[in-house]
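Heads up: the structure comes next, in structure tokens.
The values are calculated or read from the model by the stated rules, or taken from the named source; none is laboratory data. Owing to the predicted nature of the structure, the values given are computational and were not obtained by experimental measurement. Because the Cβ atoms are built from the backbone with ideal geometry, glycine has one as well, and the counts that use them run over all protein chains shown. Each accessible area value is taken on the protein alone, full model and side chains, heavy atoms only, with ligands, DNA and RNA left out. Shrake-Rupley method; radii C 1.70, N 1.55, O 1.52, S 1.80 Å.
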Amino acid sequence: FFLSTDGGLNWEPRSGGLSGNVVSVTGASGPTLPSDPLPAPLAGRTDLRYFARTAHSVGGDFLRFYGSYDGLRLFGQPLSEAFIEDGRRVQYFERVRLAMGRGGIGVDPLGSELTAASPAASLPPVRSTATLRYFARTGHTLAGRFLAFWSAHQGDLLLGPPISEPIVYPGNGSGATVQYFRSGRLEYHPELAGTGYEVEAGQLGRISLQQRGWL
């Protein structure tokens, strides 16, 4: 289970008995998880940003990183509190998982993790142009609307290189085209053409938490 001693702002995994200043513990309904909703923090907390729709807060280095970019659009709202996972402090958002490393905050490779069971075959090298870019390290190309979005939103830092070619999924009448990247997924929704939101980052953070049964 996970234990918080600061009212739910940070969570640490525990496997033994309880000790210390326990504020939140397991209830009858099952273990308390970092993804469980929390009430808003006390008024006046300038070091935290609380998202009422998901009932989670972002603070500290995660908040500074979130605010340095178009966090709401690129990362989405938080789906967990910050907690320790595999020896690192991480926090899940709708679209990404942020992690604290030696070099600071970064975006984890959720795209690679979620496609590991069925990786896309790489392509033979092609010449990059002004409208198409070939990534030799992954063997995939990036072009059109996805290249424009990737270039405009610091894709090299926040999404990483493409790890698939565009994939068309039927549905919603006209369907959706997606492309996976090391740290995310971009989606093109033609029904939103002209709104500025026809290209969006996919909700891989939500999918990851759903797969582990936390949402």
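Here is the figure for the stretch 78-102: residues that are modelled with pLDDT of 95 or more, open to solvent by 30 Å² or more (accessible area, probe 1.4 Å) and assigned to a loop (DSSP other than H, G, I, E, B) total 1. Going through the stretch 43-73 one residue at a time, which ones are touching a Phe, Trp or Tyr at 6+ places or on another chain (Cβ under 9 Å), open to solvent by 20 Å² or more (accessible area, probe 1.4 Å), within 23 Å of TRP150 (Cβ to Cβ) and not aromatic (Phe, Trp, Tyr)? Matches in the stretch 43-73: LEU72, ARG73. Quick check, is ALA136 free of Cβ contacts under 8 Å to residues at least 12 places away in the same chain, within 20 Å of ARG185 (Cβ to Cβ) and open to solvent by 40 Å² or more (accessible area, probe 1.4 Å)? Taking the combined requirement at face value, the residue does not satisfy it. With the condition kept exactly as written, say whether any residue in the stretch 150-165 is open to solvent by 70 Å² or more (accessible area, probe 1.4 Å) and modelled with pLDDT under 95. For the stretch 150-165, residues open to solvent by 70 Å² or more (accessible area, probe 1.4 Å) and modelled with pLDDT under 95: absent.
Might you let me know whether the stretch 107-114 holds any residue that is buried (at least 19 other Cβ atoms within 10 Å of the Cβ) and in a strand (DSSP E or B)? So far as the stretch 107-114 goes, yes, one or more of its residues are buried (at least 19 other Cβ atoms within 10 Å of the Cβ) and in a strand (DSSP E or B). Is one or more of the residues making up the stretch 115-128 buried (at least 19 other Cβ atoms within 10 Å of the Cβ) and either touching a residue at least 12 places away in the same chain (Cβ under 8 Å) or under 22 Å from the mean Cα position of the chain (by Cα) (or both)? No: the stretch 115-128 contains no residue that is buried (at least 19 other Cβ atoms within 10 Å of the Cβ) and either touching a residue at least 12 places away in the same chain (Cβ under 8 Å) or under 22 Å from the mean Cα position of the chain (by Cα) (or both).
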